[in-house]
Amino acid sequence: GVGPSAASPDEGVEEDLPLINEKAVEQLTEGLISHYLPDLQRSKSALQELTQNQVVLLETLEQEISKFKECNSILDIDALFTEAKHYHNKLVNIRNEMMMLHDKTSKLKVSRIKI
């Protein structure tokens, strides 16, 4: 049966554990670091390069956006010139009509004077 004379399952475990050797821990730590550090350093340099490329890409995009803005303003200027040309033509036509009306009125005056 189970009683005070029964051995505990944890009994004697502490005595079975070897003493932690600080030198071994240090060597295991150095081994672990030396195993993972090169990959981490490569990853770090790859991330730095990626970040630099992103900065260059952002600057290039900003330049392209400003070019598009310039193109839009040029298109606006073109539209203004087209509109100005249209109104200039209207003014020329009005001037021609006014000259024609002036000629007609001058001829009418001459006719009235002759009568």
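Any read-out appearing in this document is the output of simple, stated calculations on the displayed coordinates, not a laboratory observation. In this text the structure is predicted, and so the values were computed from the model without any measurement.
Details
- ³J(HN,Hα) computed for each position of region 75-86 - Karplus, 6.51 cos²θ - 1.76 cosθ + 1.60, integer Hz, glycine/proline x: 4, 4, 5, 4, 4, 5, 5, 4, 5, 5, 4, 4
- P(r) of region 48-115 over all Cα-Cα pairs, binned every 5 Å from zero, in whole percent: 4, 13, 8, 10, 7, 7, 7, 6, 7, 5, 5, 5, 3, 4, 3, 2, 2, 1, 1, 0, 0
- Reach of Lys90 by Cα under 25 Å, taken over lysines that are not fewer than 8 positions away in the same chain: Lys104
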